[in-house]
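One structure is given below, encoded as structure tokens.
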Amino acid sequence: MPRGADAGSDSIARSALHSQVLSDIRGVAVAGVEGEPVNLTEDVTKAIAAAFAAWLLNKKPDGLRRLRISVGHDSRISAHKLQNAVTHGITTAGHDILQFGLASTPAMFNSTLTEDERSHLPVDGAIMITASHLPYNRNGLKFFTSDGGLNKADIKDILERASKIYEESAHNNLKEQGEASKGVVTNVDYMSIYASDLVQAVRKSAGDKEKPLEELHIVVDAGNGAGGFFVDKVLKPLGAVTTGSQFLEPDGLFPNHIPNPEDKTAMKFITQAVLDNKADLGIIFDTDVDRSAAVDSRGRELNRNRLIALMAAIVLEEHPGTTVVTDSVTSDGLTVFIENKLGGKHHRFKRGYKNVIDEAIRLNSIGEESHLAMETSGHGALKENHWLDDGAYLMVKLLNKLAAARTLGSSIGSKVLTDLVEGLEEADVTVEIRLKIDQNHADLKGGSFRDYGESVLRHLENAISKDPNLRKAPVNHEGVRVSGYGGWFLLRLSLHDPVLPLNIEAQSNDDAIKLGLAVLAAVNEFPALDVTALNKFVHQ
């Protein structure tokens with residue numbers, strides 16, 4: 001058994017499933033952090049890659065025995081060794097591999113769709129090596145077919161297959177395949193192909209003008225992840241000025257800031273870059289470029305509810321009346337904006353970008369038109385882009401508006417974008433408090449934290465029904481959402497952890513405290529729940 005893997009034949013399933021996030025498998029790939037032993041070893045990765053190929057082959061028509069699979073990675077320091085492990089696992093199983101090197105997650109999905117014979121495209125499946133914005137010692141695998149990212153059941157299937165492959169390999173039960181049966185490795189500069197498509201999309205929106213962003217000053221913060229390509233391969237060919245762009249070089253230790261559009265420090269960096277360079281627009285990506293955010297020329301952040309409002313305004317111009325699907329923590333002001341100002345429909349659903357995307361797909365399947373699915377985290381997917389959550393494509397939609405306005409002779413700058421979100425009501429106070437469940441507390445009586453959390457939510461719901469100042473949301477798909485005191489709160493159970501996140505938005509701190517007190521009065525009856533942070537907030 002390799003060092004770092006759990007003992008036992010089901011080590012892969014047990015260690016990787018623990019960190020499974022819908023279409024991801026994540027683990028610790030680099031030693032050095034106390035209490036975090038390496039479990040995503042090269043041998044484990046080889047087995048998972050071979051299992052993906054076996055799973056994929058099982059999905060293909062009878063007679064197809066040799067697959068072509070692409071692999072790419074972000075800037076993490078473990079990327080190259082895991083890419084080599086994936087390559088070994090795939091080629092030893094007799095399938096061909098296309099190595100893309102540094103790539104974005106959305107590009108990996110696109111490689112299953114791009115038709116380019118010279119580059120051996122499209123591929124049958126794709127593997128992205130990334131752990132998004134997690135610390136440097138982590139890494140993971142994302143999988144794609146032409147239908148999109150895999151779901152939880154698919155990942156479970158792959159992990160079960162991987163455990164068997166790993167066990168057989170560890171006991172030397174597999175005969176070494178002959179050289180003739182090994183797959184072929186080809187290096188492909190796919191990011192240039194992918195970026196070229198983005199460039200053409202902007203040019204098309206501007207009437208096929210070669211440099212529709214000429215004289216526009218746009219700065220990019222790639223956070224030392226995989227998003228640096230956007231400057232040289234997208235913005236410069238379109239004529240944009242990009243001086244002041246920062247952290248474009250890949251560095252898996254992320255020395256400047258966490259590459260995460262939700263992180264306040266990261267947003268301060270891109271905001272300062274816009275102001276210092278007197279830029280028209282700032283763009284920031286996460287590590288693997290499936291999330292993004294922007295900053296206007298005045299330093300105003302276009303992220304979270306504001307980015308969703310902006311994308312909704314753009315999409316509803318193109319598809320009047322369409323439904324916008326979001327996660328559960330979006331604001332009441334966003335609902336009013338989408339429905340009353342834009343004439344669309346706002347459909348809140350569960351947290352988790354895959355949940356949001358799948359819900360939009362489901363609505364379309366039953367006849368309710370939806371063209372946009374977005375999470376407040378910066379994940380955003382459009383029907384026109386195969387429901388792929390692509391941070392670069394989201395920013396291209398913003399560039400399209402800038403290019404079109406410039407072609408019409410409108411004033412350059414980001415005003416055309418900020419005008420689109422005019423009238424969005426935003427809360428002055430926004431709070432998120434995480435209430436942890438102590439799984440060892442006697443009050444759980446040996447039950448699961450999920451059962452305990454659900455009982456907390458039921459009790460809160462009953463308590464709210466007796467308070468005339470509070471009103472439960474008539475339609476709600478996750479947790480307990482309540483409006484009152486000019487604001488709202490949502491208490492929900494985390495998708496993976498023994499935590500009840502509480503989100504509060506209000507127009508004043510006093511009103512936010514009133515909402516917090518209503519929650520505290522109900523959850524105080526559950527001793528296994530740590531309400532220290534909530535107590536501190538309401539008694540500030």
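Some values worked out for this structure:
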{"quantity": "Flag if Asp208 is open to solvent by 10 Å² or more (accessible area, probe 1.4 Å) and assigned to a loop (DSSP other than H, G, I, E, B)", "calculated": "yes"}
{"quantity": "Which listed residue is of a type in the set (D, E, K, R), touching a helix residue (DSSP H, G or I) at 6+ places or on another chain (Cβ under 8 Å), in the same structural domain as Gly225 (by the TED database) and closer than 23 Å to Leu198 by Cα, from Arg306, Arg300, Arg291", "calculated": "Arg291"}
{"quantity": "Which numbered condition Asp263 misses (of (1) on the phi > 0 side of the Ramachandran plot; (2) surrounded by fewer than 21 Cβ atoms within 10 Å (Cβ to Cβ))", "calculated": "(1)"}
{"quantity": "Checklist (1) under 19 Å from Phe537 (Cβ atoms); (2) of a type in the set (A, V, I, L, M); (3) not in a helix (DSSP H, G or I) applied to Leu493, failing item", "calculated": "(1)"}
{"quantity": "Of the criteria (1) among the acidic types (Asp, Glu); (2) within 21 Å of Leu316 (Cα to Cα); (3) not in a helix (DSSP H, G or I), which one Glu432 fails", "calculated": "(2)"}
{"quantity": "Some residue of the stretch 511-523 being assigned to a loop (DSSP other than H, G, I, E, B) and either closer than 28 Å to His441 by Cα or touching a helix residue (DSSP H, G or I) at 6+ places or on another chain (Cβ under 7 Å) (or both)", "calculated": "no"}
{"quantity": "Only listed residue being in contact with a helix residue (DSSP H, G or I) (Cβ under 7 Å, 6 or more places away or on another chain) and farther than 21 Å from Asn385 by Cβ, chosen from Gly239, Gly244, Gly228", "calculated": "Gly244"}
{"quantity": "Enumerated strands (runs of 3 or more DSSP E) restricted to the stretch 297-393, each holding at least 2 residues that are open to solvent by 10 Å² or more (accessible area, probe 1.4 Å) and either modelled with pLDDT of 95 or more or of a type in the set (Gly, Ala, Ser) (or both)", "calculated": "345-348"}
{"quantity": "Options Ala463, Ala381, Ala405: the member that is within 26 Å of Gln540 (Cα to Cα) and small (Gly, Ala, Ser)", "calculated": "Ala463"}
{"quantity": "In the stretch 524-540, the residues that are outside any helix (DSSP H, G or I), in contact with a strand residue (DSSP E or B) (Cβ under 7 Å, 6 or more places away or on another chain) and either open to solvent by 30 Å² or more (accessible area, probe 1.4 Å) or more than 16 Å from Phe489 (Cβ to Cβ) (or both)", "calculated": "Ala528, Asp530"}
{"quantity": "Every pair of residues 6+ apart whose Cβ atoms lie under 8 Å, when the first sits in the stretch 521-540 and is within 12 Å of Asp438 (Cβ to Cβ) while the second is of a type in the set (Asp, Glu)", "calculated": "Phe526/Asp443; Pro527/Asp443; Ala528/Asp438; Ala528/Asp443; Leu529/Asp438; Asp530/Asp438"}
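Quick grid of which residues meet (1) aromatic (Phe, Trp, Tyr); (2) in the same structural domain as Leu281 (by the TED database); (3) without any contact (Cβ under 8 Å) to a residue 40 or more places away in the chain:
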residue: Phe229; (1), (2), (3): yes, yes, no
residue: Pro237; (1), (2), (3): no, yes, yes
residue: Val241; (1), (2), (3): no, yes, yes
residue: Asn260; (1), (2), (3): no, yes, no
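The values are calculated or read from the model by the stated rules, or taken from the named source; none is laboratory data. Just so it is clear, the structure is predicted and the values come from calculations on it, not from any experiment. Every residue, glycine among them, receives a Cβ derived from its backbone with ideal geometry; neighbour counts consider all protein chains shown. Note: areas computed on protein heavy atoms with side chains; ligands, DNA, RNA excluded. Shrake-Rupley method; radii C 1.70, N 1.55, O 1.52, S 1.80 Å.
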